[in-house]
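The structure appears below as structure tokens.
Nothing in this text is a laboratory measurement; each read-out follows from the coordinates by a stated rule. Quantities reported herein were computed from a predicted structural model and do not represent experimental measurements. Note that we place each Cβ from the backbone using ideal geometry, even for glycine, and neighbour counts take in every protein chain shown.
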Amino acid sequence: MKFLKNNNLKIATLFSCFLLVSCYEDHNLEQYVVNFRIEQENEIKEETRLETEEEIIPIISFSSYIQYDSIDSIANRATDIIRGEVLSYRVEKVDVAIPIHLLPDYMFGLSPGLIPPKYQYIIDEPNPVYDIFTIYSIKVHDVFKGSINKYEIIDFARRGGEYEGIRLFTHEENPLTIGEEFILFMEAPIREGRPFFRINPSQAVYRFAEPNPSNLAHSIDVEFENISERGSLTLTLTDLMNIAEANFPTDNPEDDEATPKITREKLALAIQEAEERIQTTYTQISWARLLNLLRDARNVYNNLEATQLEIDDVTNNLRLAIETLEELPPEPEPVDRTELIAAIEAAEERMQTMYTPISWARLQNPLRDARNVYSNLNATQIEIDDVTDNLRLAIETLEELPPEPEPIDRTELIAAIQEAEARVQATYTPISWARLQNPLRDARNIRDNANATQEQIVSTTEILIGALNGLVSR
């Protein structure tokens with residue numbers, strides 16, 4: 001295939017149209033193969049122009065393939081049929097040239113001039129013929145036909161993709177999704193090192209179809225969805241089981257008599273059960289033990305020369321590892337520390353000088369316990385609630401100190417006493433002087449009483465002043 005480039009062109013557009021009209025199920029080898037190529041330079045097609053910073057040469061390829069009228073017919077044509085999971089993909093340039101003596105059966109009988117160039121190989125001067133393919137890495141989970149081993153990882157090719165500035169578009173753009181499982185009808189590679197190829201783009205790839213809830217009760221078989229909109233066949237689980245039975249028969253008395261029958265069913269079930277376990281559920285030690293035995297089990301399962309004793313041993317060991325997996329302790333339930341925080345803050349806001357020593361001492365232990373539980377990330381809700389209640393009770397039972405007595409003012413009382421003591425008895429009448437003595441005595445007593453109230457002081461002062469005012473001069 002030739003790619004046209006011109007230094008004066010921003011984008012070179014090339015259409016490569018390849019039409020292969022091949023034989024059908026009767027393998028009528030008189031059909032013609034039309035190989036039509038159009039190479040056009042200096043023509044820009046807006047519908048295929050990619051506006052990117054780098055120059056991309058788009059190539060649109062249209063091809064026709066053999067169409068099969070039944071699952072049986074495409075199954076007979078396929079060399080390998082598997083159920084596999086897409087792990088990753090890459091785009092590569094693949095040499096698709098095939099030696100003439102290795103051409104597929106349906107190509108024999110065609111004259112050399114009618115053999116498509118991509119299938120030709122010049123013996124004297126071998127020239128590679130490259131094409132662009134997306135290569136998927138597929139982990140095989142089930143094998144219904146062929147010699148592929150279960151759990152083997154194979155390469156599966158779909159024509160098309162972008163490689164070194166060239167983007168090949170095909171009319172069957174049905175990429176496979178990483179992580180999904182597909183049923184693949186494949187053709188084994190003729191030359192070593194090549195990937196598996198699909199039988200045709202529209203009938204060779206299937207995945208599980210979503211069941212129709214209204215028809216679910218009446219469904220008697222599991223159907224698989226053809227990923228191509230042009231797909232014309234319906235694949236069911238019964239079809240797959242029939243294919244597997246036809247290619248891997250279970251009843252063969254002659255083989256049973258010749259060699260002991262090797263069974264891997266229990267090992268396959270143990271491997272499947274181990275793979276369904278989730279690492280985050282178990283302890284590291286028990287999980288590491290399982291991984292080692294799972295690796296051994298896979299190796300024995302894929303070993304076609306393994307004896308039944310070896311298979312049974314790894315099966316039993318793997319089963320034991322599964323049964324002895326140690327589950328991690330459950331995650332603690334979420335706890336609420338809101339009320340505990342509020343109680344601690346309320347206790348810390350209290351002032352020691354406002355409460356009696358005994359009640360203040362009673363508060364300290366619950367407050368210490370509350371702080372410890374709050375700092376403990378593994379504390380349970382019951383523990384949090386208990387220390388919260390104890391702390392709130394200690395706060396509520398704090399006893400306040402009695403209020404400080406008001407300051408006592410004895411100034412007027414002392415002044416009145418001094419004035420009374422300064423008076424001279426001889427100056428006043430005996431009766432008025434006698435009336436002064438009791439108020440003066442009471443005033444002195446109140447003056448000297450440390451517990452006397454302000455009210456007593458004021459009253460005594462007024463009485464004494466009244467007695468002074470009642471003195472009668474001679």
Worksheet entry | Packing-based order for 383-389, 269-275, 399-405, using average beta carbon neighbours within 10 Å, highest first | 383-389, 269-275, 399-405
Worksheet entry | Charge tally in the Cβ shell below 12 Å around G84, where Lys, Arg are +1 and Asp, Glu are -1, G84 excluded | -3
Worksheet entry | Ordering of 315-324, 347-356 by burial proxy (mean other Cβ atoms within 10 Å per residue, highest first) | 315-324, 347-356
Response to the item:
Each label sits 7 Å from Cα toward the beta-carbon; between N372 and E323 the label points are separated, in nm, by 4.5 nm
Fill in: Cα convex hull of the range 259-323 - mean projected area over all directions, nm²
4.1 nm²
Discussion item. If each residue of separation counts as 0.36 nm, what is the full-extension length gain between I262 and V424 once their alpha-carbon separation is subtracted?
Written reply: 44.2 nm
Discussion item. I'm a student and want to see the number: the projected area of the Cα convex hull of the range 338-396, averaged over all directions, in nm².
Written reply: 3.6 nm²
Practice prompt. At 0.36 nm per residue, minus the direct Cα-Cα distance, what do E245 and N76 gain on full extension? Give it in nm, one decimal, please.
Written response: 59.5 nm
Worksheet item: By per-residue mean of other Cβ atoms within 10 Å, what is the highest-first order of 336-346, 360-370, 420-430?
Response: 360-370, 336-346, 420-430
Item to complete: Decide, for the range 314-444, between rounded, prolate and oblate: order the square roots of the alpha carbon gyration tensor eigenvalues as a ≥ b ≥ c, take rounded if a/c falls under 1.5, and otherwise choose prolate if a/b is larger than b/c, else oblate.
Response: prolate
Response to the item:
For the range 337-345, Karplus-derived ³J(HN,Hα) couplings (6.51, -1.76, 1.60; θ = phi - 60°; whole Hz; x for glycine and proline) come out as 9, 4, 5, 5, 4, 5, 5, 4, 4
